[in-house]
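**Student:** Would you mind keeping the following structure in view while I ask a few things?
The values are calculated or read from the model by the stated rules, or taken from the named source; none is laboratory data. Remember, predicted model here, so these are calculated numbers, not experimental data. Neighbour counts run over all protein chains shown; Cβ positions are idealised from the backbone, glycine included.
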């Protein structure tokens with residue numbers, strides 16, 4: 001009998017207990033994987049090559065203040081800038097204010113937007129059709145799938161921030177590497193209904209010639225408008241997005257404390273099981289030692305058992321998390337674009353293995369130290 | 001005949017280690033659930049208790065936020081002021097306050113980034129119309145000066161928000177001259193300043209909202225309808241409490257994540273409790289058989305073990321709730337999804353939160369206890385005695 005078989009046989013000696021333990025650990029690790037996925041998508045998601053080359057210029061005081069439209073050409077003149085496009089958050093309502101009907105609407109310049117967001121894919125004829133229709137819009141393919149939109153459909157957006165309603169026609173459907181939950185339309189549409197926004201823009205998206213230029217260009221832009229009545233704040237697209245996460249509150253502490261609670265809870269569950277199972281086997285341990293097993297190998301046997309239970313639970317948990325997150329991501333909303341990646345799964349499994357080691361060690365250590373005669377006399 | 005509860009208590013005490021570890025597991029789950037529910041309770045209190053039912057808030061038509069572009073013209077304000085049903089104060093002025101909202105960026109004290117903070121610009125009349133807001137340090141702003149008064153929470157949570165600090169808004173530096181306490185309402189997330197100074201600084205000619213005080217509830221309803229029905233003015237009137245209540249939707253992300261977390265942790269804990277109870281039953285096979293021989297019926301044995309599981313989970317609930325007590329009243333913030341700025345609120349462990357937490361633990365105890373209890377009662381007496 002090999003060591004591995006001995007461990008597996010013992011791990012499943014009390015099937016019900018093993019299954020319950022695995023399920024308990026599995027559910028906890030499902031949650032841990034879920035939290036780590038959120039963490040990753042917020043803070044460490046790899047920025048796409050195109051996004052790393054972009055920066056966002058907004059009013060220094062707050063995003064709710066607009067910038068003068070003429071800044072666009074001034075920004076364009078700064079060395080390292082390839083393209084600049086204006087964007088205006090419309091913030092209107094589609095159908096109602098239910099969260100599932102929420103998506104971003106940006107008024108922009110159809111001539112240049114696709115040159116700044118180079119990773120968006122859209123057939124050339126659709127782009128042209130959009131450029132020729134002042135009341136046209138292009139929509140994210142995922143959003144179109146969710147709402148069953150197709151080209152030529154009408155979109156009515158009720159103005160909330162602006163006192164106008166948009167009646168748009170879908171002219172194009174673009175595909176982005178990760179779903180954007182956005183539609184774009186011609187900003188002049190807002191200007192026609194609400195002339196006060198003429199000559200002002202919400203923010204500018206700037207494409208630079210290389211990722212290395214981003215910091216330098218951001219500095220140059222802010223320097224350019226430092227003494228203007230409307231100074232700017234320029235930051236990389238990633239930093240800009242992190243600003244929104246920061247507004248949700250102390251997300252980091254929230255996620256961390258939940259993760260800690262979960263890890264501690266599985267530690268308790270696992271330690272509990274191992275303590276129960278090892279206590280029942282005090283006599284067996286003594287027997288093993290009489291047969292010549294050393295203390296270290298007895299320790300290894302029990303720790304191995306704890307680790308394998310925790311790993312099976314961990315594997316189940318991460319796999320289910322993968323399926324659930326993928327399913328939820330397709331529904332849109334909060335989890336849009338999130339995915340459980342192999343490194344996240346690996347991290348969860350490492351946590352599981354560590355929990356196994358820690359939880360198995362103490363009872364196993366006690367068991368390995370049992371005096372043979374006492375152990376044989378033990379009544380479980 | 002029922003088995004006395006003291007039998008279960010003694011058993012739990014006999015197997016201390018197991019009891020403590022299982023109860024701690026449940027406690028962690030309960031603590032997490034309490035934390036999330038307390039957050040939501042605090043948020044609901046902030047928005048649910050703001051506003052006086054006699055106050056009517058008027059916005060531009062089509063807008064549901066004070067932060068909308070294209071506000072209320074000064075002429076419309078004159079009309080609103082003269083509407084019948086608007087109360088007058090002791091000096092004979094109609095209680096109507098034209099206000100403006102700006103969002104400014106302040107760095108958090110704990111270094112977790114910069115966030116938008118709502119800044120409300122109003123006249124002393126507007127302060128008078130919100131009697132629940134009390135000054136606790138310094139003084140109110142002087143009209144015509146670049147002065148602001150911050151809420152207690154803003155003062156605690158943000159850098160550069162102490163008395164004497166200056167905040168750059170538009171063209172100038174505004175000095176913090178006072179701190180107010182709004183007893184947990186939505187104004188706790190605000191900074192207040194003088195509207196006339198702002199209008200000069202920013203060349204803003206419109207109000208983003210107008211607050212009217214009605215003489216009685218009937219007049220409030222009438223004022224709301226008058227504002228809504230006037231075709232020339234194009235306004236949207238609503239009772240002030242309704243406006244703030246609509247902002248409770250800011251808690252949706254917390255509720256969404258919180259619900260998932262609580263349910264998954266509860267399932268995990270139920271399995272752990274089940275494990276413990278199965279072990280308890282297994283150890284006591286002979287004991288249970290003896291109880292049967294003495295004459296205790298199967299139902300009484302099932303009841304006894306379910307009760308033991310409930311005791312275990314209630315112990316967990318107690319520990320979990322005690323663990324969370326130090327966090328009661330802690331202030332935190334999230335994004336207000338109507339004004340896109342920081343909504344400050346406190347964790348509140350209300351009786352409702354505690355009650356729900358206990359029910360939550362009881363459900364875990366039942367889930368974990370019923371199957372093992374059933375198993376215990378079903379065993380053959382003779383086989384069990386022979387173990």
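**Student:** Quick one: would you say residue B:223 is farther than 19 Å from residue B:118 by Cβ, in contact with a strand residue (DSSP E or B) (Cβ under 8 Å, 6 or more places away or on another chain) and away from chain A (no Cβ under 14 Å)? Before you say what the answer is, go through the steps one by one.
**Tutor:** Numbers: farther than 19 Å from residue B:118 by Cβ: yes; in contact with a strand residue (DSSP E or B) (Cβ under 8 Å, 6 or more places away or on another chain): yes; away from chain A (no Cβ under 14 Å): yes.
When the stated conditions are applied, residue B:223 passes them.
**Student:** Does residue B:195 count as touching a residue at least 60 places away in the same chain (Cβ under 8 Å), crowded, with 20+ Cβ neighbours inside 10 Å, over 28 Å from residue B:241 (Cα atoms) and in contact with a strand residue (DSSP E or B) (Cβ under 7 Å, 6 or more places away or on another chain)?
**Tutor:** Numbers: touching a residue at least 60 places away in the same chain (Cβ under 8 Å): yes; crowded, with 20+ Cβ neighbours inside 10 Å: yes; over 28 Å from residue B:241 (Cα atoms): no; in contact with a strand residue (DSSP E or B) (Cβ under 7 Å, 6 or more places away or on another chain): yes.
Spelling it out, it is not the case that residue B:195 is touching a residue at least 60 places away in the same chain (Cβ under 8 Å), crowded, with 20+ Cβ neighbours inside 10 Å, over 28 Å from residue B:241 (Cα atoms) and in contact with a strand residue (DSSP E or B) (Cβ under 7 Å, 6 or more places away or on another chain).
**Student:** Related question: Among the residues in the stretch B:101-122, are any more than 24 Å from residue B:344 (Cα to Cα), more than 10 Å from chain A (Cβ to nearest Cβ) and either at pLDDT 85 or above or surrounded by 14 or more Cβ atoms within 10 Å (Cβ to Cβ) (or both)? Let's see the steps before the verdict.
**Tutor:** Within the stretch B:101-122, the first condition is being more than 24 Å from residue B:344 (Cα to Cα), and the residues that meet it are none.
No: the stretch B:101-122 contains no residue that is more than 24 Å from residue B:344 (Cα to Cα), more than 10 Å from chain A (Cβ to nearest Cβ) and either at pLDDT 85 or above or surrounded by 14 or more Cβ atoms within 10 Å (Cβ to Cβ) (or both).
**Student:** Pick out the one residue from A:143, A:155 that is assigned to a helix (DSSP H, G or I) and either within 14 Å of residue A:104 (Cβ to Cβ) or within 14 Å of chain B (Cβ to nearest Cβ) (or both). Talk me through it step by step, then tell me what you get.
**Tutor:** Details: A:155 fails: assigned to a helix (DSSP H, G or I).
Step by step, each of A:143, A:155 is checked, and only A:143 is assigned to a helix (DSSP H, G or I) and either within 14 Å of residue A:104 (Cβ to Cβ) or within 14 Å of chain B (Cβ to nearest Cβ) (or both).
**Student:** Does residue B:213 satisfy being in contact with a strand residue (DSSP E or B) (Cβ under 7 Å, 6 or more places away or on another chain) and buried (at least 20 other Cβ atoms within 10 Å of the Cβ)? Can you show your working first?
**Tutor:** Working: in contact with a strand residue (DSSP E or B) (Cβ under 7 Å, 6 or more places away or on another chain): yes; buried (at least 20 other Cβ atoms within 10 Å of the Cβ): yes.
It is true that residue B:213 is in contact with a strand residue (DSSP E or B) (Cβ under 7 Å, 6 or more places away or on another chain) and buried (at least 20 other Cβ atoms within 10 Å of the Cβ).
Residue by residue, here is whether (1) under 17 Å from residue B:258 (Cβ atoms); (2) surrounded by fewer than 18 Cβ atoms within 10 Å (Cβ to Cβ); (3) without any contact (Cβ under 8 Å) to a residue 60 or more places away in the chain; (4) more than 12 Å from every other protein chain (Cβ to nearest Cβ) holds:
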position	(1), (2), (3), (4)
B:322	no, yes, yes, yes
B:326	no, yes, yes, yes
B:363	yes, yes, no, yes
B:368	no, no, no, no
B:386	no, yes, yes, yes
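**Student:** Can you report the number of residues in the stretch B:34-71 which are within 14 Å of chain A (Cβ to nearest Cβ) and in a strand (DSSP E or B)?
**Tutor:** Going through the stretch B:34-71 one residue at a time, the tally reaches 2.
**Student:** Moving on to the next point. Sort out which residues of the stretch A:119-140 are more than 10 Å from residue A:175 (Cα to Cα), touching a strand residue (DSSP E or B) at 6+ places or on another chain (Cβ under 7 Å) and assigned to a loop (DSSP other than H, G, I, E, B), and write them in order of number.
**Tutor:** Once the filter is applied, which keeps residues that are more than 10 Å from residue A:175 (Cα to Cα), touching a strand residue (DSSP E or B) at 6+ places or on another chain (Cβ under 7 Å) and assigned to a loop (DSSP other than H, G, I, E, B), the stretch A:119-140 yields A:133, A:134, A:135.
**Student:** With the condition being within 10 Å of chain B (Cβ to nearest Cβ), over 30 Å from residue A:135 (Cβ atoms) and in contact with a helix residue (DSSP H, G or I) (Cβ under 7 Å, 6 or more places away or on another chain), I'd like the helices (runs of 4 or more DSSP H) fully within the stretch A:1-108 carrying at least 3 qualifying residues. Write out each step before concluding.
**Tutor:** Working: elements: A:3-11, A:15-39, A:71-76.
Correct list: A:15-39.
**Student:** Are there any helices (runs of 4 or more DSSP H) wholly within the stretch B:226-329 with 3 or more residues that are over 29 Å from the mean Cα position of the chain (by Cα), and if so which? Full working, then the answer.
**Tutor:** Details: elements: B:240-245, B:252-283, B:285-294, B:298-324.
The qualifying helices (runs of 4 or more DSSP H) are B:252-283, B:285-294, B:298-324.
**Student:** Taking residue B:19 as the residue in question, decide whether it is under 22 Å from residue B:304 (Cβ atoms) and either buried (at least 22 other Cβ atoms within 10 Å of the Cβ) or outside the structural domain of residue B:221 (by TED's automatic domain parsing) (or both).
**Tutor:** Working: under 22 Å from residue B:304 (Cβ atoms): yes; either buried (at least 22 other Cβ atoms within 10 Å of the Cβ) or outside the structural domain of residue B:221 (by TED's automatic domain parsing) (or both): yes.
Criteria met by residue B:19.
**Student:** Mind listing whichever residues of the stretch A:248-280 are over 17 Å from residue B:26 (Cβ atoms), in contact (Cβ under 8 Å) with a residue 60 or more places away in the chain and more than 8 Å from chain B (Cβ to nearest Cβ)?
**Tutor:** A:251, A:255, A:259, A:274, A:277, A:278, A:279, A:280
**Student:** Out of (1) exposed (fewer than 15 other Cβ atoms within 10 Å of the Cβ); (2) within 14 Å of chain A (Cβ to nearest Cβ); (3) not in a helix (DSSP H, G or I), the odd one out for residue B:335 is which?
**Tutor:** (1)
**Student:** Going through the stretch B:179-196 one residue at a time, which ones are outside any strand (DSSP E or B) and within 23 Å of residue B:98 (Cβ to Cβ)?
**Tutor:** Within the stretch B:179-196, the subset outside any strand (DSSP E or B) is B:182-189, B:195-196.
If the condition is that a residue be outside any strand (DSSP E or B) and within 23 Å of residue B:98 (Cβ to Cβ), then B:182, B:185, B:186, B:187, B:188, B:189, B:195, B:196 are the ones that fit.
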